[in-house]
Amino acid sequence: MQIKTAIFVKSSGKWQECPEPEIPEYAFIGRSNVGKSSLINAMMNHKDLAKTSQTPGKTQLINHFLVNENWYLTDLPGYGYAKVSKSLRKDFEKLITNYILNRKNLVNLFVLIDIRHTPQKIDLEFMEWCGENGVPFSIVFTKLDKLKPGAADRNVEIYKAKLLETWEELPDIYITSAEKKVGGEEILKFVEKTNDY
Ligand code: GTP
Ligand code: MG
């Protein structure tokens, strides 16, 4: 898919404040600092459409970007950020889960996972929750450039094996680097294929 236009629409602190759900929507979710905002910028060929930071917890609202005037790409706050207070973390969780369960035009969630890490409980539990709630999702490994190819392949295989302990089938998996602009085109192909709202 060629990106002709990508514009920031709004930041929302509640799912009810999100733009009218008239066009298909795809959302990026994952732990704080995993690279959600960076990958959005890389895919949109835009340096700072979505705000990024080395400090986790940068994105605290639901951010909608309108792409090619016919679909939304949504940047969500990270989950599991340990340094915010427990009550604030609960608020984030509520914001995210309410958004996911109520957003009628949400076609797919992309769950971002840092390719350097072994499978983390919080991500596995989040995907379980998606399964229980019938929320379609794909996995997007990020920061591929931070590992040597052999190590990256190995980690993906470990992740798949872990998933197959609880899932009968694997979700779609994308392997990306925002830094090196790798893998975004495959995600856009998926959007193109499913964007017939
Ligand atoms: P929150 O908004 O806090 O939830 O974080 P986020 O998931 O949006 O992460 P963000 O895109 O802000 O990136 C976090 C840090 O990781 C930044 O310092 C980025 O430069 C870095 N980063 C993101 N993607 C990549 C990548 O593909 N490669 C490398 N080397 N660094 C990356
Ligand atoms: Mg962010």
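All of the numbers you see were taken from the coordinates with simple rules; none came from a lab. The structure displayed is predicted, hence computed values, not measured ones. For neighbour counting, all protein chains shown are included, and Cβ atoms are generated from backbone atoms with ideal geometry for every residue, glycine included.
Brief remarks on what is shown
- Computed about the Cα centre, the dipole magnitude for the chain is approximately 900 debye when only Lys and Arg (+1) and Asp and Glu (-1) carry charge, each at its Cβ.
- Extension gain, Lys47 back to Gln2 (0.36 nm per residue minus Cα-Cα distance, nm): 14.5 nm
- Estimated at 0.36 nm per residue, the fully extended path between Lys181 and Leu101 surpasses their Cα-Cα distance by 25.7 nm.
- P(r) tail fraction, the range 1-91 - alpha-carbon pairs more than 17 Å apart, %: 48 percent
- Gained length - Glu93 relative to Ile122, 0.36 nm times residue gap less alpha-carbon distance: 9.2 nm
- Taking 14 Å as the cut-off, the amide N atoms of the range 71-115 that come nearer than this to a point 7 Å along the Cα-to-beta-carbon line of Lys14 belong to 95-96, 98-99.
- Fraction in percent of alpha-carbon pairs per bin - 5 Å, the range 55-144: 3, 11, 21, 26, 22, 13, 4, 1
- Divide the volume of the convex hull around the Cα atoms of the chain by the residue count and you get 115 Å³ per residue.
- Bridge type composition, the chain - antiparallel percent by DSSP, nearest 5: 40 percent
- Sparse-neighbour loop sites [GluC sites (Glu not before Pro); the range 17-86; at most 14 other C-beta within 10 Å; DSSP]: Glu22, Glu69
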